[in-house]
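Visitor: The following block contains the structure, expressed as C-alpha cells.
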Amino acid sequence: MDIKKIARVQKILSLILLVCFFFPFFTVSCGGEDITITGFDTVKGLNTMGEKEEGNPLCLLLLLIPLVIFLIIKFLNDTKKAFLYTALLGTADFCGLLMLKSGFAKKVNKAAGGLIEVKSKFGYSLSLLISLAIIILGIYGIYKLKDNVREFKDVRDEEVTEYCMNCGNPLLRSDRFCTKCGCSIGEIRNEPVPMPDIPPVPAQPEKIKTDTSSILIDKNEDNEGTQLIDIDDRTRIVVPKTIVKLLIRQEGNEINKEISDFPCIIGRSPEAASICIQDMSISRKHLSLDLADGKIMIQDLNSSNGVMLNGKKIQPEDLVLLSVNDVIKLGQAEIEIIDIGYTPGAGNNGNKSMGNLL
C-alpha cells in the first residue's frame, strides 16, 4: 500500500469513528430492564436513577479526536508529521475509550450499590478497532517513508559522514554513489555540476520605430505563436514564444504536457497551480518554471518536501537553469524536460507588419 492510499484509508476511518459515537456504546441492565446508551449520550449527559448527569469532558474530547485526525490528513503538507500526529491521536482515542468504559461502569455501580451490569455494544467495540487501525496505519506510513533508508546496524557510527539529500540514506566516506537511490555523491555534496548554456531567444524587430507612444496591432493578422515585448515607450519587438515539453511520471503513469505561458506553477492545488499533480507529499504551490533572458529557470516555492533536480536539492531562494533531459523530482512524481524550443515559423515573415505608424 503506497503513502497516498494509507492517508486515504486513515481519512475514511476517522469519519467512521466519528459516526460510531451515534451508535449504541453501552447497555445498562438493572432488574431485568436494559437501557441502551450511545456515545453521544455520554457527551451531552443522561438521566440515571431519576437524576440528571452532566456530560463527561473526556467524551467530548473523544468526539473531537476523529475530526482533528481528518483535518490533519487533509491539510497538513508534511506527510511524515501527519502520520506521526494521527498515530498519537489514535493512541489517545484508544486509551480514552478504555478509560470511558471503566469510569462509566464504576460510576453507575457506585450509584446503584453494585446491582447494575454494564455491557459494551457494537459502537464501542467498533470505535476501539478503528482507533487501533489508525494507530497501525500511522506507524506503517512512517515506516514506508523510511523504507529506503539504510539500517544503522549495517554501518559503524564513525563511518557515516553524511546523508543523501534525496532519500536520507546514510553515506560512508568511501561511497561514490548513494546505495539506495543511485545519486552521485558529487551532486549530494553540492559540488558544482556544469550546466549547458542555452542561447537567448533572438529578437526579431518588425517596424519597431514610431513617432507616437502607441502601436496598434492589426487584428486581421495572425499573431499566434509570438509575444510582444516593450523596449521603451516608443519601441516594441515581436519574438517567438518559448515552448517547453514535459513528461510527467507518477505511479507508473506518464502524461505529456506542453507549456508556453510563464511563470508556470506546478503543485497540488487546482486553483493555485497551472499544472496540478495530486500527491499528498506535494505542496499546493510547489515549484515555478519561469522565463528569464530567453532561458527556462526553476525555483522551489518554499515547498514542504523540497525539489530535486537531477538528484540535487534546490534551495528555495535559488533560480536554477533547466536544459533538455533534466529530471525534476517532487513528492512521488518525476518531471522530465523533453524539449525546449520556440513556436515553429513565428516571426519568420519579414514582410508581416507588426503595427501602423500614426
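Visitor: Keeping to the stretch 276-313, report how many residues are of a type in the set (Ser, Thr, Tyr) and closer than 13 Å to Glu334 by Cα. Explain how you work it out, then say what you get.
Guide: Of all residues in the stretch 276-313, those of a type in the set (Ser, Thr, Tyr) come to 281, 283, 288, 303-304.
Retained after the next criterion (residues that are closer than 13 Å to Glu334 by Cα): 281.
Result for the stretch 276-313: 1.
Visitor: Does the stretch 284-299 include one or more residues that are surrounded by 18 or more Cβ atoms within 10 Å (Cβ to Cβ), touching an Asp or Glu at 6+ places or on another chain (Cβ under 6 Å) and either assigned to a strand (DSSP E or B) or basic (Lys, Arg) (or both)?
Guide: Yes: one or more hits.
Visitor: Among Leu64, Leu126, which is the only one that is open to solvent by less than 60 Å² (accessible area, probe 1.4 Å) and either under 31 Å from the mean Cα position of the chain (by Cα) or modelled with pLDDT under 75 (or both)? Spell out the reasoning first.
Guide: On the way: Leu64 fails: open to solvent by less than 60 Å² (accessible area, probe 1.4 Å).
None of the others qualify; the one that does is Leu126.
Visitor: Condition first: of a type in the set (Phe, Trp, Tyr) and buried (at least 19 other Cβ atoms within 10 Å of the Cβ). Now tell me which residues in the stretch 6-43 satisfy that. Full working, then the answer.
Guide: Within the stretch 6-43, the subset of a type in the set (Phe, Trp, Tyr) is 21-23, 25-26, 40.
Passing the criteria: Phe21, Phe25, Phe26.
Visitor: Then there is this: Please enumerate the residues belonging to the stretch 238-280 that are of a type in the set (A, V, I, L, M) and part of a strand (DSSP E or B). Show your work before the answer.
Guide: Filtering the stretch 238-280 for residues of a type in the set (A, V, I, L, M) gives 238-239, 243-244, 246-248, 255, 259, 265-266, 272-273, 275, 277, 280.
Selection gives Val238, Val239, Ile243, Val244, Leu246, Leu247, Ile248, Ile255, Ile259, Ile265, Ile266, Ile275.
Visitor: Now for a separate question. Need pairs with beta-carbon distance below 8 Å; first residue modelled with pLDDT under 75 and within the stretch 28-53, second among the small types (Gly, Ala, Ser) and not in a helix (DSSP H, G or I); sequence gap 6+ or separate chains.
Guide: Listed pairs, sorted by first residue: Gly45/Gly55; Lys52/Gly45; Glu53/Gly45.
The values are calculated or read from the model by the stated rules, or taken from the named source; none is laboratory data. Treat the numbers as computed from the prediction; the structure is a model and nothing was measured. Because the Cβ atoms are built from the backbone with ideal geometry, glycine has one as well, and the counts that use them run over all protein chains shown. The protein model used for the area step is the full one, side chains on, heavy atoms only, and it has no ligands, DNA or RNA in it. Shrake-Rupley method; radii C 1.70, N 1.55, O 1.52, S 1.80 Å.
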